[in-house]
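Below is one structure, written out as structure tokens; the observations come after it.
Any read-out appearing in this document is the output of simple, stated calculations on the displayed coordinates, not a laboratory observation. Just so it is clear, the model here is predicted, and its values are computed rather than measured. Every residue, glycine as well, gets a Cβ built from its backbone with ideal geometry; the counts of neighbours run over all protein chains shown.
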Protein chains: 2
Amino acid sequence: MKAIKVGLLGIGTVGSGTFNVLRRNQAEIRGRAGRGIEITMVSRRNVALAREIVGDAAQVVADPREIIANPEIDIIVELIGGCGLARELVLEAIAAGKHVVTANKALLAVHGTEIFAAAREKGVMVAFEAAVAGGIPIIKALREGLTANRIEWLAGIINGTTNFILSEMRSKGLDFATVLKEAQRLGYAESDPTFDIEGVDAAHKATIMSAIAFGIPVQFDKAHVEGISQLQATDIKYAEQLGYRIKLLGIARRRSDVAGGGIELRVHPTLIPTQRLIANVEGAMNAVVVQADAVGTTLYYGKGAGAEPTASAVIADLVDITRLHTADPDHRVPHLAFQPDAMNNTPILPMAQVLTSFYLRLRVADEAGVLSRITTILAEHDISIDAVLQRESAEGERQTDLIILTHETQEGRMNTALAQMQALPTVLAPIVRLRKEELA
Amino acid sequence: MKAIKVGLLGIGTVGSGTFNVLRRNQAEIRGRAGRGIEITMVSRRNVALAREIVGDAAQVVADPREIIANPEIDIIVELIGGCGLARELVLEAIAAGKHVVTANKALLAVHGTEIFAAAREKGVMVAFEAAVAGGIPIIKALREGLTANRIEWLAGIINGTTNFILSEMRSKGLDFATVLKEAQRLGYAESDPTFDIEGVDAAHKATIMSAIAFGIPVQFDKAHVEGISQLQATDIKYAEQLGYRIKLLGIARRRSDVAGGGIELRVHPTLIPTQRLIANVEGAMNAVVVQADAVGTTLYYGKGAGAEPTASAVIADLVDITRLHTADPDHRVPHLAFQPDAMNNTPILPMAQVLTSFYLRLRVADEAGVLSRITTILAEHDISIDAVLQRESAEGERQTDLIILTHETQEGRMNTALAQMQALPTVLAPIVRLRKEELA
């Protein structure tokens with residue numbers, strides 16, 4: 001059978017990884033797919049750099065539109081990134097009747113609705129396993145492996161940079177700024193690390209997963225996004241003493257206790273019980289836990305980034321398209337797991353309506369009645385306490401740290417209680433508030 | 001679109017789970033698959049019991065062949081188990097042009113070659129996600145998610161009964177027989193637990209995974225099968241002290257250092273470093289670690305048994321068949337991941353050629369020179385020592401336990417060394433020998 005011909009728009013780290021893996025493992029891949037898969041064209045503004053990677057094995061062009069215009073190309077792989085040119089090119093490729101593979105989470109989290117609708121219209125597939133958790137086949141698991149299930153929630157460590165930083169902060173007791181510099185030196189963090197450390201990248205991925213899990217459109221603008229740049233080593237240490245690890249989680253949860261239903265979609269540092277498997281995912285590794293009604297808890301773990309792990313996902317998509325392009329389009333795997341007419345508009349809830357438990361650290365005056373005033377405020381808002389840790393004051397000090405873990409409550413209620421506690425004259429510094437999830 | 005009609009051969013635990021989940025989540029499943037999936041016929045010798053489960057929702061027959069003969073049925077789900085009647089019925093269903101879904105690992109590990117060849121001949125699919133690790137979509141991950149990769153090895157906790165027993169033995173310090181009784185009382189072990197505790201069930205699953213990972217035929221008869229019934233609580237304790245947990249692993253490993261290549265396929269109790277994620281998989285849970293060249297290490301975790309987790313996998317297969325049956329048969333996912341003409345005959349190695357490291361426990365006379373004589377034997381066979389733990393003798397005792405961890409060596413070499421050590425007059429009891437894998 002004739003080989004499937006692939007064009008890469010952009011060939012940097014992931015592109016060269018894809019090129020190399022496809023060439024190195026071509027016999028195995030052909031043996032699985034039933035036909036060869038060949039990258040025959042690549043584009044990069046700097047054609048000399050592209051030629052260093054592909055040699056004579058593929059045609060190199062500066063203009064990606066030359067690839068899209070080539071009738072011999074069956075599948076376009078978009079690896080340019082961002083939401084500008086990448087969006088235009090993906091839409092043009094679809095309009096030209098090409099199937100598309102992309103690793104671009106930002107593009108899909110923000111413009112997914114437009115892109116998937118265009119693809120449906122033209123009867124082509126847009127595949128994006130590489131967009132979430134790199135080499136872990138989590139899109140496939142959610143979209144095909146768990147089709148029998150009503151998914152209840154998912155929670156993932158889906159950004160390797162922040163997980164590396166948190167692991168280092170904990171194991172070495174260092175502060176955020178120091179570890180960030182180390183991560184940049186080692187190549188785990190970019191020179192402008194904002195998207196990673198402020199949770200944006202994780203929120204793109206959580207947005208995509210929320211759509212697939214619950215059959216809702218991608219709605220990045222509704223996601224709550226909170227990163228780790230404000231996280232202090234002290235809180236990692238206190239959490240550890242209380243039996244918790246702090247991870248940056250992307251969480252998507254179905255809520256049936258809200259009238260009409262609702263979806264929580266949020267990214268923030270989260271305390272997780274140390275004995276949970278996902279709490280032990282260290283370094284730049286990724287993992288996603290999925291809770292579903294029939295199968296129960298499943299977890300998927302692996303490398304979330306890097307040239308070859310991402311290439312692994314890109315190539316899996318190429319093989320899937322090679323297989324599925326001969327199937328009746330109505331029988332292919334739907335882009336967002338559900339057929340378009342089976343999608344729903346369950347709203348994403350505002351944070352004030354989110355149910356979670358909390359870790360609070362209060363710097364308080366070391367005097368009688370302080371704890372009582374604080375616990376009274378919590379009780380008045382029906383927030384029940386799970387654990388309290390009160391440090392003895394250091395010699396000569398007149399203030400101390402008070403750590404409180406609460407049971408689950410509505411975030412809005414906690415906000416009100418926090419404002420009242422913060423106003424107490426015996427609370428001497430801004431209260432640190434982190435969320436805690438049992439993931440049970 | 002017309003619903004896909006399914007017939008269940010056998011309706012016990014998994015069958016009723018499948019029936020219930022398919023009914024409970026029918027809207028979600030239809031929304032994903034693009035059409036309804038309905039169980040319209042079920043068979044069970046005791047029709048009254050079957051009717052209790054399905055009511056009027058499906059036709060109940062005593063004779064499974066009535067289902068196979070019904071031209072309205074698109075897919076047959078075989079849930080009878082074993083290699084007798086189940087084999088006949090699966091072959092008859094294929095001959096009748098039906099697609100088949102089965103959870104029967106024994107059948108596929110032993111008769112897979114015959115069954116897959118018959119299915120190919122007739123252009124039908126035989127799907128078996130439920131045969132390995134229950135609800136974890138590990139077949140899908142290996143066969144589709146990791147298509148880009150050359151798989152190097154995989155190691156799995158793929159039998160919940162034995163993992164439950166090992167977890168209890170460790171956490172409560174109890175011996176095997178006591179915990180087995182407890183497991184039977186709780187329904188984690190069958191009244192005849194042989195297949196589970198002697199490693200046969202795990203070996204069936206490892207055999208299937210080895211075929212998919214390496215493109216070799218299923219060869220259960222070549223698997224090394226060793227269970228946990230001889231495992232002593234003492235060794236679990238010593239392993240723990242040395243930083244290891246003992247798990248029953250199913251291991252399949254590609255060996256390129258053997259002339260012509262070779263595959264290790266083995267099930268046995270294994271020491272794993274406690275800090276590995278898979279060492280922390282407790283109770284009846286399952287997990288599989290896969291090491292592959294592009295993606296690196298990935299891990300898949302979840303429930304390996306039970307009515308609804310298994311049903312989750314059965315239904316995922318039903319949805320896949322619903323999708324893929326319109327694809328050109330040459331483009332469907334091959335049963336064993338590789339196209340028939342891309343399979344290979346790399347031999348499965350005899351245990352003597354396996355490379356592994358070892359845990360040895362020797363009951364020795366507490367006298368000068370004992371350790372030296374033993375380490376000399378190991379050195380003479382080029383087996384290097386990783387760690388030694390020598391217990392002080394108890395008051396008044398003249399003998400003690402000597403624990404040795406070795407580095408990797410060939411098992412045949414260790415067998416020779418063991419025979420020599422056992423012959424020493426200062427070695428007072430049969431040497432306990434367990435295998436150890438770093439899984440790094």
Calculate, for B:Gln275 and B:Ala62, the FRET efficiency according to 1/(1 + (r/R0)^6) with r their C-beta to C-beta distance and R0 45 Å; round to the nearest 0.05. 0.25
Can you list, shortest first in nanometers, how far A:Gly36 lies from the same residue in the other copies, with each label 7 Å from Cα toward Cβ? 4.8
By the C-alpha gyration tensor axes a ≥ b ≥ c (rounded if a/c is under 1.5, else prolate when a/b exceeds b/c, else oblate), the shape of the stretch A:259-361 is oblate
Could you tell me how far the Cα centroid of the stretch A:361-398 sits from the Cα centroid of the stretch A:23-60, in Å? 63
Taking B:Pro430 in one copy and the same position in all the others, each labelled 7 Å out along Cα→Cβ, what are the pairwise distances from the first, in nm, shortest first? 6.8
What is the distance in Å between the Cα centroid of the stretch A:65-131 and that of the stretch A:281-355? 17
Using alpha carbon centers only, the stretch A:153-188 is separated from the stretch B:138-192 by a whole-angstrom value of 33
Rounded, prolate or oblate: which fits the protein assembly as shown when a ≥ b ≥ c are the square roots of the eigenvalues of the alpha-carbon gyration tensor, with rounded for a/c under 1.5 and prolate only if a/b beats b/c? rounded
Taking the stretch B:1-84, which trypsin sites (Lys or Arg not before Pro) meet the DSSP loop condition and have no more than 15 other C-beta atoms within 10 Å? B:Lys2, B:Arg45
How high is the relative contact order of chain A, given as a whole-number percent (alpha carbon pairs under 8 Å, six or more residues apart)? 16
Run through the DSSP bridge list for the protein assembly as shown and note the antiparallel percent, rounded to the nearest 5. 70
Give, rounded to the nearest 20 debye, the magnitude of the charge dipole that chain B has about its Cα centre when Lys and Arg contribute +1 at Cβ and Asp and Glu contribute -1 at Cβ. 720
So what is the relative contact order of the stretch A:4-127, in percent, for Cα pairs below 8 Å that sit 6 or more residues apart? 25
Selected from A:Ala279, A:His331, A:Ile212, residue furthest toward positive end of dipole (chain A; charges at beta carbon): A:His331
Nitroxide proxy distance, nm - points 7 Å out along Cα→Cβ at B:Arg373 and A:Arg51: 7.4
Reachable lysines from B:Lys2, criterion Cα separation under 29 angstrom, eight or more residues apart if same chain: A:Lys122, A:Lys140, B:Lys98, B:Lys122, B:Lys140
Quick one: angle between helix B:176-186 and the longest Cα principal axis of chain B, in degrees between 0 and 90, rounded to 10, please. 20
For B:His407 and B:Glu240 in the same chain, what is the full-extension length gain: residue separation times 0.36 nm, less their Cα-Cα distance, in nm? 58.3 nm
Spin-label pair B:Ala394/B:Glu92, simplified geometry with 7 Å Cα→Cβ offset, distance in nm: 6.1
With a cut-off of 8 Å between alpha carbons and a minimum separation of six or more residues, what is the relative contact order of the stretch B:225-341 in percent? 16
Starting from a label point 7 Å past Cα on the Cβ side, list the distances from A:Ser384 to the same position in the other copies, nm, shortest first. 5.8
Nearest-ten-degree value, helix A:370-380 long axis tilted from longest Cα axis of chain A: 60
Within 10 Å of the Cβ of an average residue in A:336-342, the count of other chain Cβ atoms is 4
So, in nm, how far is label B:Asn20 from label B:Ala69 when the simple model puts each one 7 Å beyond its Cα toward the Cβ? 3.3
Quick one: helix B:200-214 against the long Cα principal axis of chain B, what's the angle to the nearest 10°, folded into 0 to 90? 80
So what's the Cα pair-distance distribution over chain B, bin width 10 Å, in %? 4, 20, 28, 23, 13, 7, 4, 1, 0
Given springs between every Cα pair under 10 Å in a Gaussian network model of chain B, which of B:Leu166, B:Leu428, B:Leu355 has the largest fluctuation? B:Leu428
Classified through the alpha carbon gyration tensor (a ≥ b ≥ c as square roots of its eigenvalues; rounded if a/c is under 1.5, else prolate when a/b is larger than b/c, else oblate), the stretch A:138-303 comes out prolate
By counting other Cβ atoms within 10 Å of each Cβ, how are A:Ser16, B:Ser210 ranked from fewest to most? A:Ser16, B:Ser210
Closest approach to the axis - chain B beta-carbon, rotation onto A, Å: B:Ala327, 2
Chain B: most fluctuating residue of B:Leu336, B:Leu299, B:Leu49 per GNM, C-alpha cutoff 10 Å: B:Leu49
Quick one, can you get me the convex hull of the C-alpha atoms of the stretch A:100-158 expressed as volume per residue in Å³? 105
Over all residues in A:274-280, what is the mean tally of Cβ atoms on other chains that come within 10 Å of each residue's Cβ? 3
With chain B treated as a Gaussian network of Cα nodes joined by springs under 10 Å, which of B:Ala417, B:Ala284, B:Ala429 yields the largest mean-square fluctuation? B:Ala429
